[in-house]
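Shown next, in structure tokens, is the structure this report addresses.
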Amino acid sequence: MIRVFYRPSTQLLILFSIIVIFFFAESASSQNSHEEFTVVTTVNGFTPDVIEVPRGSEVRLIFTTPDTEHSVTPSAFGVEKTMILPGGKTVIEFTAKESGTFKLGCTTLCSYRHFLFMRPVLFVVVAP
Ligand SMILES: [Cu+2]
């Protein structure tokens, strides 16, 4: 049988190395991911119309529109009504704290489709 004996200084070095490795592994895994999507908005809908992000991620949505004024009111994420204007970029940022499916409908009467219950809708799916 082979026995390996380490000097006390070597044991301390091994213990210190293990602690350092666990520290960096933990800090790397606890960093939130950053998710960014560009969403084109028209009277026919959002493209894409479903976005999936991990819970705890920092989400950045960049809305553009080629046709007319739209808006979103993502109050579930702590964001107030935000206009989406032709020719511009509307940026909304939030942290996806709760998992679930959140429905963001256009909150501006951008076309007759609102009266037909066909307004643009974007689903934000926050995975567990
Ligand atoms: Cu609209």
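The phi-based Karplus calculation (6.51 cos²θ - 1.76 cosθ + 1.60; θ = phi - 60°) puts the 3J(HN,Hα) values of the range 49-56 at 10, 9, 10, 10, 9, x, 4, x Hz, whole numbers, x for Gly and Pro. Applying the Karplus relation 6.51 cos²θ - 1.76 cosθ + 1.60 with θ = phi - 60° to the range 73-85 yields 3J(HN,Hα) values of 10, x, 5, 4, 9, x, 10, 7, 3, 10, 7, 10, 10 Hz, where x marks Gly and Pro. Among the GluC sites (Glu not before Pro) within the range 39-119, those in coil by DSSP and having at most 13 neighbouring Cβ atoms inside 10 Å are 80, 98. Here's how it looks for residue 65: its modeled amide H is under 5 Å from those of 41, 87, 88, which are all 5 or more places away or on a different chain. For residue 35, the residues 5 or more places off, or on other chains, whose built amide H falls under 5 Å of its own are 58, 59, 60. Couplings for the range 112-125, taken from phi via the Karplus curve 6.51 cos²θ - 1.76 cosθ + 1.60 with θ = phi - 60°, read 5, 5, 4, 6, 9, 6, 10, 5, x, 9, 10, 9, 9, 9 Hz in order; Gly and Pro are left as x.
Residues whose amide H comes within less than 5 Å of that of residue 55, counting only those at least five positions distant or on another chain, are 127 (H built at 1.01 Å from N in the peptide plane).
Each value in this text was obtained by applying a stated rule to the coordinates, not by laboratory testing. This structure is a prediction, so every number in the text was calculated from the model and none was measured. Every residue, glycine among them, receives a Cβ derived from its backbone with ideal geometry; neighbour counts consider all protein chains shown.
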